[in-house]
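Right, one structure below, let's go through it.
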Amino acid sequence: MKLHDSLDHAVADVSADLPALVAGSRRQGLSIRRRRRALATVGTAAAVSVLALGAYALVPGDQGPSDTGVATDIASPVPVGALSGRTAPITSGGVAAALAATVEDVADGTFGRFQGDASNREGSAALLFEPENGSGPAGQVFINLQPLAMAGQAPYTCEGYLEDYLTDCTVRQLPNGDTLRTYREDDDTEVGAGSQRVVAEVLRPEQRLRILVFARNSNPWAIGELRARPVLTTEQLIEIATQPWWSRTELPVEYVEAGNDLELYQN
Amino acid sequence: MTTARRAASFEEFVVATGDRMLRTAVLLTGDRHAAEDLVQSAYAQAFARWRLVARADNPTAYTRAILTRLFLSDRRRKRVRELPLLAGADAPATTTDPALRLSLVEALATLPPTDRAVLVLRYFHDLPVAEVADQVGLSESACRTRASRALARLRTHFPDLADQA
């Protein structure tokens, strides 16, 4: 008898109470979802200072709380159901809800400080995310939906694109014709030594769209505090950035509707 | 797709894969109750991100990877004792060689968790070395070394496995 057969034999009479397993898993899974959606205490005491993230970045508000950064309770920032395929005009809340939903799809953790903006046929959103694992402050996750021209001219490569402080650049063509570019930035002079930012960028000629998603190991409300790594990996950012429904003008209706109920942090 | 349809789809998935997943967990943990917890936790995580899991090329492999990760990282933070998942769990074994069956699970349990996972994925699920290595976070060469070492240890309990693995 081979090991395979011995192992098979050893557990041959093990069977699950499937209805109970389904019910228990659903219940526990719903609990995980609720926990993810609970707006957690993120960041720590820090003076609120405007942190320039570039011309298209959202910045901390100067009217927001400068203490522990607890947002108001939001029961369900993202829709529970799958996407219907219907779309609606993009909104600030919709971008934030879509970002939250996609982060939720790829990682376990808690969320806070949603920010969003949709104007001039562009969209952007940011949120703080605190993964279940590791320690340190919540990290900022950010998305920009911009005109493709913001990425320069095709062909999109690493050469001539990266400044000295951007490293580990990779570029590859996706089966649908999009270009995926990833890179990282360490020791951002505006965030401080030890800061890390990982970026995934999808360049979608068909829609004249640039989707740029990044995650930090820090957040603007906890200056000087750093996690060991950014709160999302490059692979997770790629999963978010390659969603086919990102657009500068419309989003899945479920996210737009969820965004109507999402209380955005004042900015 | 509605929430109800998604739930039904998840239910079908658990029904189709639950027994095999639980057997995997028993081999990994060596303990029925720990296996129940582990499997439920793995399916719970799959449910929590069902959109992503259902889209995966192989949802079963995806969920098994969750289960393996949970086992290795020991992230199970609470035991869920309310669900007797093993039908007839306390019933006497019906195999013709119960001593061997019990001992093999026990012998597995003496191995380091990573070695255990390597053996279970490699020989119970017949996964390629590259896939096993990826799931347990080892290089392929390290995975082969682990498998070889773990088999050698098992052979001290079951010499008959020597030429059979």
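Structure data summary
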| quantity | calculated |
| --- | --- |
| Some residue of segment A:148-166 being in contact with a strand residue (DSSP E or B) (Cβ under 7 Å, 6 or more places away or on another chain), touching a residue at least 60 places away in the same chain (Cβ under 8 Å) and assigned to a strand (DSSP E or B) | no |
| Residue list for segment A:244-267, filter: surrounded by 19 or more Cβ atoms within 10 Å (Cβ to Cβ) and part of a helix (DSSP H, G or I) | A:Glu254, A:Tyr255, A:Val256, A:Ala258, A:Gly259 |
| Given (1) modelled with pLDDT of 80 or more; (2) within 28 Å of B:Ala133 (Cβ to Cβ); (3) at the interface with chain A (Cβ under 8 Å from one of its Cβ atoms), index of the condition B:Leu52 fails | (1) |
| Lone unmet requirement of (1) within 12 Å of the chain's Cα centre (by Cα); (2) outside any helix (DSSP H, G or I); (3) farther than 16 Å from A:Asp261 by Cα for A:Glu104 | (2) |
| Given (1) away from chain B (no Cβ under 14 Å); (2) within 13 Å of the chain's Cα centre (by Cα); (3) within 19 Å of A:Ala200 (Cβ to Cβ), number of the condition A:Gly116 does not satisfy | (3) |
| Every residue from segment B:27-49 that is more than 10 Å from chain A (Cβ to nearest Cβ) and surrounded by fewer than 20 Cβ atoms within 10 Å (Cβ to Cβ) | B:Gly30, B:Asp31, B:His33, B:Ala34 |
| Output for segment A:171-223, where each listed residue is in a strand (DSSP E or B), of a type outside the set (A, V, I, L, M) and over 20 Å from the mean Cα position of the chain (by Cα) | A:Arg172, A:Gln173 |
| Qualifying residue in segment A:209-224 (condition: of a type in the set (D, E, K, R) and either free of Cβ contacts under 8 Å to residues at least 40 places away in the same chain or closer than 24 Å to A:Asn133 by Cβ (or both)) | yes |
| Meets criteria (surrounded by fewer than 18 Cβ atoms within 10 Å (Cβ to Cβ) and out of contact with any Ser or Thr (no Cβ under 8 Å at 6 or more places or on another chain)) for A:Ala241 | no |
| Helices (runs of 4 or more DSSP H) wholly inside segment B:102-165 that include at least 1 residues being in contact (Cβ under 8 Å) with a residue 60 or more places away in the chain and buried (at least 17 other Cβ atoms within 10 Å of the Cβ) | B:113-119, B:129-136 |
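Table: residues versus (1) touching a Phe, Trp or Tyr at 6+ places or on another chain (Cβ under 7 Å); (2) of a type in the set (A, V, I, L, M, F, W, C); (3) farther than 22 Å from A:Gln196 by Cβ; (4) modelled with pLDDT under 85.
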residue: A:Gly54; (1), (2), (3), (4): no, no, no, yes
residue: A:Asp62; (1), (2), (3), (4): no, no, yes, yes
residue: A:Ala71; (1), (2), (3), (4): yes, yes, yes, yes
residue: A:Ile74; (1), (2), (3), (4): no, yes, yes, yes
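The rows are residues; the columns are (1) modelled with pLDDT of 90 or more; (2) in contact with a His (Cβ under 9 Å, 6 or more places away or on another chain); (3) among the polar types (S, T, N, Q).
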residue: A:Val202; (1), (2), (3): yes, no, no
residue: A:Leu209; (1), (2), (3): yes, no, no
residue: A:Ile223; (1), (2), (3): no, no, no
residue: A:Gln236; (1), (2), (3): yes, no, yes
residue: A:Ala241; (1), (2), (3): yes, no, no
residue: A:Asn260; (1), (2), (3): no, no, yes
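The values are calculated or read from the model by the stated rules, or taken from the named source; none is laboratory data. Since we're looking at a predicted model, the values are computed, not measured. When we count neighbours, we look across all protein chains shown, and the Cβ atoms used for this are built from the backbone with ideal geometry, even at glycine.
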